[in-house]
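The values are calculated or read from the model by the stated rules, or taken from the named source; none is laboratory data. Every value quoted in this text rests on a predicted model; they were computed, and no experiment measured them. Counting neighbours? That spans all protein chains shown, and the Cβs are built from the backbone with ideal geometry, glycine included.
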Amino acid sequence: MNRRSAIQRAAATVVAFSTADAVFAQQEPWRPSRPITMFVPGAPGSGVDILARELGDRLGAVLKQQVIVENKPGGSGAIATKAAVRAPADGQALLYTNAGNTVMAASLVKTLPYDVLHDLVPVAQTVSGGIFLLSSNDFPAKNLTELVRHVKANPGKFSYGTSGIGSVGHLTMEWLKRKTGMDIAHVPYRQAPQLLTELAAGTLKLGWIDPAAPLAFIETHKVRPIAVTGATRLPHSPSVPTMGEQGYPFETVGWFGVFAPKGTPAQIVQTLAGEINRIQAQPDMVARITSLNVSPPTVNTPEQFGRVVTADFQTWKRIVADAGIRLDN
């Protein structure tokens, strides 16, 4: 290449970059033109509702538009999810939900009017955390190894409670049953207080429950914590070991996150993800999340969150198939 050609090519490169910079500079950052609707698959006051409102208030302040939480409980999350899926893909409608109402429900229910992996765009994961395996104080086991041994020595004698068929606790215990050969029946409960009350009374010997509800019962020694799911211990329960630490690694955990309808432009998704991740890192938000005995996840991109969603769906689908669990035909 002669000197003149090199100069011409360099000049062309400078022009190209300058043009690109000019185009980029002309692009205004996306901002919503009206209030955002955030669909939530839980009743007011539920865990998912509390977290959605905490995020929504802060996101609205940043975007200078109100974020309206619209509660649509029921149908294993299907009512809220369907509303989000059918909303315009313009960033003005979002879904704040959790693993139970998305990938776990999709593993169990074969007649959902949408495809979780294709009709929703992952935006940002907001919370991550395991759940407790608890026992009554009169149950003769102090750890998971002793629990498995005692249940196997007494086939069919014990039952365990959870928040319902297809819940994290239900599917986790079914996985553990297949790993160990335990013979133990499932008892679904509609409300956490009833499960905890019966555990404390000794009427129920074992139960799986979310990380926040039993803290007072644990601190006052009314129930005994045996283990938590996930790869790390819970923020307010550092003395309770994980299942993996006790020889039964089960690192898939519950999570909460934000989704947008399929077809939402990438620029809008990236803007929302960036703002949500910044909000999640604020000290007051971290404190609020950890007060519920869960943790903010590592800041991730929409693509990384999408990989979490896909991997978890495959995990729960395999567990459901192995255990033969179905919610419909």
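Taking segment 157-172, which residues are surrounded by fewer than 22 Cβ atoms within 10 Å (Cβ to Cβ), modelled with pLDDT of 95 or more and either of a type outside the set (D, E, K, R) or closer than 19 Å to Pro214 by Cα (or both)? Phe158, Ser159, listed by residue number. Condition (residue is more than 21 Å from Gly56 (Cβ to Cβ) and in contact (Cβ under 8 Å) with a residue 40 or more places away in the chain) applied to segment 269-283: is it met by at least one residue? Checked against the condition, which is being more than 21 Å from Gly56 (Cβ to Cβ) and in contact (Cβ under 8 Å) with a residue 40 or more places away in the chain, segment 269-283 yields no hits at all. Looking across segment 153-197 at every residue that is assigned to a loop (DSSP other than H, G, I, E, B) and of a type in the set (Gly, Ala, Ser), the one that is farthest from Asp312 (Cα to Cα) is identified as Gly156. The C-beta contact set for segment 47-64 (first residue assigned by TED's automatic domain parsing to the domain that holds Ile268, second residue among the basic types (Lys, Arg) and part of a helix (DSSP H, G or I), distance under 6 angstrom, 6+ apart or interchain) comprises Glu54/Arg288. Among the residues of segment 108-147, just one is without any contact (Cβ under 8 Å) to a residue 24 or more places away in the chain and either within 30 Å of Ala83 (Cα to Cα) or assigned to a strand (DSSP E or B) (or both), namely Asp115.
Of all the residues in segment 173-192, those that are under 28 Å from Gly42 (Cβ atoms) and either in the same structural domain as Gly42 (by TED's automatic domain parsing) or of a type in the set (A, V, I, L, M) (or both) number 5. Against the conditions (1) free of Cβ contacts under 8 Å to residues at least 40 places away in the same chain; (2) touching a Gly at 6+ places or on another chain (Cβ under 6 Å); (3) assigned to a loop (DSSP other than H, G, I, E, B), where does Gly230 fall short? Just the number, please. Of (1) free of Cβ contacts under 8 Å to residues at least 40 places away in the same chain; (2) touching a Gly at 6+ places or on another chain (Cβ under 6 Å); (3) assigned to a loop (DSSP other than H, G, I, E, B), only one is false for Gly230: (1). For segment 257-272, check the following and say yes or no: at least one residue is in the same structural domain as Thr180 (by TED's automatic domain parsing), surrounded by fewer than 16 Cβ atoms within 10 Å (Cβ to Cβ), part of a loop (DSSP other than H, G, I, E, B) and modelled with pLDDT of 95 or more. No, segment 257-272 contains no residue that is in the same structural domain as Thr180 (by TED's automatic domain parsing), surrounded by fewer than 16 Cβ atoms within 10 Å (Cβ to Cβ), part of a loop (DSSP other than H, G, I, E, B) and modelled with pLDDT of 95 or more.
Checked against (1) more than 30 Å from Gly45 (Cβ to Cβ); (2) modelled with pLDDT under 95, Arg149 meets all criteria but (2).
Among the residues of segment 2-57, the ones that are modelled with pLDDT of 50 or more and basic (Lys, Arg) come to 3 in all.
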